[in-house]
Amino acid sequence: MKLLVTGGAGVIGSNFGAHRVEAGDEVLVLDLLTYAGHAENLAPVLADVRFVQGDICDKGTVDGLVTSDLDAVVNFAAESHVDRSILDSGDFVRTNVLGVQVLLDAVQRSGCGRLLQVSTDEVYGPTAPRQVATERSNLEPSSPYASSKAAADLLCLAFRQTHGTPVLITRCTNNYGPHQYPEKLIPLFLLRAMADEELPLYGDGLHERDWLHVEDHCRALSAVLADGKDGEVYNIAYGEPVPNRLVVEALLHELDKPDTLIRSVEDRPGHDRRYAVDSKKIRADLGWEPRIPLGTGLRRTVAWYRDHREWLEAVTGPEFDQYCAALYGDRKQA
Ligand code: NAD
Ligand code: TYD
């Protein structure tokens, strides 16, 4: 296949780009290289991809790259962190909504194969204990991040309905694995614990997330690209929501660090208590199954971050320090 991977220098996009190059695809990457994007994330395959630095909101750039010979555009480009969307949501609306509209227009006009919009389980909002959200559940996003992703999903479905645009949407649960920017729970706590710094666990730490290793997510996206039906939505999940405190304790155990590093801090505003989605559709229709249990995935992730301290140093400059000061600096004890 010939693919345009937008946001291909972020954590999931870079893992996906490498995965598709290894599968023999021709991969073109468009990425703005925001604080979260690093071309080096594609290092093992960088010589095999065509890399363009640019903005998905820039119609001229996008129109130049979305051509009729593409089999698909796979869109990972986004502002992706909930806490940042609470501090300032402007870039979230711009990239996550306007950017998707620019991509949809280009796909529609060019007649290229299809757009795979990589969305999130957060569009469903919190799920009650023992319940799961299916692809037909209501969209009730809580954070500015989640609402911008839900808006993009609706725009994709509206283009499908109105213009017949070939779009697919995937909604995956929380990812973890190599190259994840250390603002998200797992890499942030790894970075801090390795330096014997306190770990700011929000509220009572009993919020649940269903963690999926990024490699399993990439395999799911490949299955959707190969056999997914246009206009359909596919949930992607490991299927075992876990309270944050347990994940953090498992990380500390893996690092041989004490639980006393955990510090309960003031909760995130609007913090969704639990995410849980039903992923029967992708399993039954496309034959996908996750392969990496959380314990194995955490062990591999800890090993990767331990072996890549120079990567951590390269991606955490003054912007990262400013962000941490703004988010955690005055945060009260819970
Ligand atoms: P990330 O923050 O690691 O990477 C995002 C990438 O997009 C970066 O390389 C950044 O430079 C690029 N980018 C941002 N704005 C851009 C713009 N205007 N034009 C071009 N490139 C731009 O994000 P991620 O975790 O890899 O997430 C990828 C996608 O998957 C997002 O759409 C996110 O909503 C979704 N998702 C993420 C998770 C998760 O746990 N990380 C889970 C489910 C879905
Ligand atoms: P995060 O990795 O930000 O992903 P999301 O908010 O998209 O689920 O957070 C995962 C969980 O960890 C979430 O319940 C919030 C919590 N969390 C903390 O307790 N402390 C932190 O410093 C961060 C970043 C997250």
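For the reader, a short list of remarks on this structure follows.
- Taken together, the residues in segment 58-78 that are open to solvent by less than 20 Å² (accessible area, probe 1.4 Å), closer than 24 Å to ALA150 by Cα and not β-branched (Val, Ile, Thr) amount to 3.
- Looking only at segment 60-81, residues that are more than 10 Å from ligand 1 (Cβ to nearest atom), touching a residue at least 24 places away in the same chain (Cβ under 8 Å) and in a helix (DSSP H, G or I) come to 2 in all.
- Test result for SER119, touching a Gly at 6+ places or on another chain (Cβ under 8 Å), of a type in the set (Gly, Ala, Ser) and either free of Cβ contacts under 8 Å to residues at least 24 places away in the same chain or near ligand 1 (Cβ under 9 Å from one of its atoms) (or both): no
- Scanning segment 8-44 for residues that are within 16 Å of ligand 2 (Cβ to nearest atom) and closer than 16 Å to THR95 by Cα yields GLY10, TYR35, ALA36.
- The listed residue being of a type outside the set (Ser, Thr, Tyr), away from ligand 1 (no atom under 16 Å from the Cβ) and open to solvent by 10 Å² or more (accessible area, probe 1.4 Å), out of LEU206, LEU201: LEU206
- Some residue of segment 143-160 being more than 24 Å from SER279 (Cα to Cα), more than 15 Å from ligand 1 (Cβ to nearest atom), open to solvent by 10 Å² or more (accessible area, probe 1.4 Å) and touching a Leu at 6+ places or on another chain (Cβ under 9 Å): yes
- Extreme residue, farthest from ligand 2 (Cβ to nearest atom), among residues of segment 90-119 that are open to solvent by 40 Å² or more (accessible area, probe 1.4 Å) and either of a type in the set (D, E, K, R) or touching a Ser or Thr at 6+ places or on another chain (Cβ under 7 Å) (or both): GLY111
- Helices (runs of 4 or more DSSP H) contained in segment 156-258 and holding at least 3 residues near ligand 2 (Cβ under 9 Å from one of its atoms): 185-194, 244-255
- Test: residue in segment 255-271 that is away from ligand 1 (no atom under 16 Å from the Cβ), within 21 Å of the chain's Cα centre (by Cα) and open to solvent by less than 30 Å² (accessible area, probe 1.4 Å): no
- The listed residue being of a type in the set (A, V, I, L, M, F, W, C), over 22 Å from the mean Cα position of the chain (by Cα) and under 21 Å from VAL214 (Cα atoms), out of ALA237, ALA284: ALA284
- Test: residue in segment 125-134 that is assigned to a helix (DSSP H, G or I), surrounded by fewer than 22 Cβ atoms within 10 Å (Cβ to Cβ) and among the β-branched types (Val, Ile, Thr): no
- Filter result for the condition that a residue is touching a Leu at 6+ places or on another chain (Cβ under 8 Å) and in contact (Cβ under 8 Å) with a residue 12 or more places away in the chain, over ASP227, ASP204, ASP216: ASP227
- Number of the exception - SER279 against (1) away from ligand 2 (no atom under 16 Å from the Cβ); (2) touching a helix residue (DSSP H, G or I) at 6+ places or on another chain (Cβ under 7 Å): (2)
- Condition met for ALA193 (of a type in the set (Gly, Ala, Ser), touching a strand residue (DSSP E or B) at 6+ places or on another chain (Cβ under 8 Å) and either more than 12 Å from ligand 1 (Cβ to nearest atom) or at pLDDT 95 or above (or both)): yes
- On the stretch given as segment 288-329, residues that are open to solvent by 60 Å² or more (accessible area, probe 1.4 Å), of a type in the set (Gly, Ala, Ser) and in contact (Cβ under 8 Å) with a residue 40 or more places away in the chain total 2.
- Filtered residues of segment 1-53 (kept if part of a strand (DSSP E or B), out of contact with any Lys or Arg (no Cβ under 8 Å at 6 or more places or on another chain), open to solvent by 10 Å² or more (accessible area, probe 1.4 Å) and not charged (D, E, K, R)): VAL49, PHE51, VAL52, GLN53
The values are calculated or read from the model by the stated rules, or taken from the named source; none is laboratory data. None of the values given here were measured: they were computed from a predicted structure. With ideal geometry, Cβ positions are generated from the backbone for all residues, glycine too; neighbour counts draw on all protein chains shown. Side chains included, ligands, DNA and RNA excluded: accessible areas come from the protein's heavy atoms. Shrake-Rupley method; radii C 1.70, N 1.55, O 1.52, S 1.80 Å.
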